[in-house]
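Notes to accompany the following structure.
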Amino acid sequence: MKTRAAIAYKAGTPLAVETVDLEGPRAGEVLVEIKATGVCHTDAFTLSGDDPEGAFPAILGHEGAGIVLEVGAGVTSLKPGDHVIPLYTPECRECDYCLHPKTNLCQSIRETQGQGLMPDGTSRFSIDGTPILHYMGCSTFSNHTVLPEIALAKVRKDADFEKICYIGCGVTTGVGAVVFDAKVEPGSNVVVFGLGGIGLNVIQGARMVGANKIIGIDINNDREAMGRHFGMTDFLNPKDCDVMEAIMDLTNGGADYSFECIGNVTTMRQALECCHKGWGESIIIGVAGAGQEISTRPFQLVTGRVWRGSAFGGARGRTDVPRIVDWYMDGKIDIDSLITHTMPLDDINKAFDLMHKGESIRSVIKY
Ligand code: NAD
Ligand code: DAO
Ligand code: ZN
Ligand code: ZN
């Protein structure tokens, strides 16, 4: 079939919206009509050329929601008409990782997904016979896309695509890091570095589980109002104060949990070292540029602080994403306020401009 998609031909250039050829689903695969997709910082990271796994030409986008149109041979868990959210972290429920209780990093299709290919090593997208690569197994910047069955979460039909697409990455990454990975306890003092599309979701996750102080840090003062709306109790701008000193004062000795949601190795160190001696845990969510390294004095760990990371919020997509859609529909989390801009696919480059200028939290493309 033919469909419309935004193509990333090479790093550092705007996306080109064109008609592409899409082959139908093979065995174990599903054809999905994408109804809406968010534009995430990670799409911009790959487009910039800083992503060591980034390959071109490709159809980016990994934060979508849509409807199943057709299923390939052997697909049993989905049928045409089902509403779905694509998963860049799949859940096969069979591999060693899926069967291990401590990780959500299903590895069953990791190698081909990282190469921009379907599990059989080929692409379903092409233009004039030249293959175009998939991206993070999702390629939601295409109106139609093909995914493996194990990379689709089936969700309820009464939720708006243009809101729940954000659960495909940002919401789950932030809220999940609090709930599934850190397992923040009620009454905890939480510090969040970076109040963008991920950090604000960490804040609302912390509020949902009953955190005590929720301290937000950002160099952009415009983020304070949004942070407070989501439950932030204190705001610190590193340009105006010594954040480490201020955190120690506000928390009586350090954070129970800190979350780095920027991707900056200097703030990663601060996030660890602002944790309480003896028990504070720091969770890295931000993705640093290729080749960057983190450092601290090992005595920080010897004296009880814990340094760890979180991918896709520790969520097992097919199991947890439908639950997060329920949390949204039940009013436990707010997505609507975070979607600051919506636009058609033809305007997708504007979404990247708004992100780079710090003017949007989330832009959503409506097909
Ligand atoms: P964003 O650009 O929306 O937000 C980043 C925020 O950090 C902005 O508000 C910015 O003003 C602030 N900031 C920048 N430098 C700062 C500094 N030195 N001190 C304080 N604040 C600073 O980005 P996002 O979409 O929220 O993504 C955040 C990070 O999370 C990115 O690195 C992204 O790639 C990563 N990410 C990780 C996962 C995962 O599963 N681990 C998933 C999605 C995104
Ligand atoms: O299993 O090695 C692996 C890959 C896991 C991918 C997790 C991605 C998390 C960070 C990337 C940002 C996603 C938007
Ligand atoms: Zn698996
Ligand atoms: Zn993302």
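Relative intensity of segment 259-333 on a log10 scale, I(q)/I(0) at q = 0.17, 0.26, 0.27 Å⁻¹, equals -0.74, -1.09, -1.14, per a Debye sum over C-alpha point scatterers of equal strength in the absence of solvent.
Build a GNM of the chain with springs between Cα atoms under 10 Å: which of K213, K79, K102 gets the top mean-square fluctuation? The residue that fluctuates most here is K102. When you restrict to C-alpha pairs under 8 Å that are six or more residues apart and normalise by the size of segment 233-362, the relative contact order lands at 16 percent.
Report Rg/Rh for segment 313-367, rounded to two decimals, where Rg is the Cα radius of gyration and Rh the Kirkwood radius. Could you put the intermediate results ahead of the total?
Working: Rg = 13.9 Å, Rh = 12.9 Å.
Radius of gyration relative to Kirkwood radius: 1.08.
One quarter of the convex hull surface built on the alpha carbon atoms of segment 1-92 amounts to 6.5 nm², the projected area averaged over directions.
Name the helices (complete DSSP H segments) of the chain with a Cα length along the long axis of 15 Å or more and a Kyte-Doolittle mean of at least 0.0, or state none.
Numbers: long enough: 317-329 (18 Å, -0.47).
Helices passing the filter in the chain: none found.
Rounded to two decimals, the Cα radius of gyration of segment 65-217 over 2.2 N^0.38 Å is 1.20.
Under the criterion of Cα pairs below 8 Å and six or more residues apart, the relative contact order for segment 174-310 equals 22 percent. Structural size metrics of segment 174-310, computed from C-alpha coordinates, are Rg and Dmax of 13.3, 38 Å. Restricting attention to the chain, close to 60% of DSSP beta bridges with both partner residues there are antiparallel.
In this simple spin-label approximation, D158 and R297 carry label points 7 Å from Cα along the Cα→Cβ vector, and these lie 5.7 nm apart.
Taking C275, C241, C40 as the candidate residues, the one with maximal mean-square fluctuation in a Gaussian network model of the chain, Cα springs under 10 Å, is C241.
Mind checking which of D320, D43, D353 has the largest fluctuation in a GNM of the chain, springs on alpha carbons under 10 Å? Result: D353 has the largest fluctuation of those listed.
A Cα-only calculation for the chain places Rg and Dmax at 20.1, 64 Å.
No value in this document is a laboratory result; all are computed from the given coordinates. Bear in mind the structure is a predicted one, so any value in this text is a computation, not a measurement. All Cβ positions, glycine included, derive from the backbone under ideal geometry; neighbour counts span all protein chains shown.
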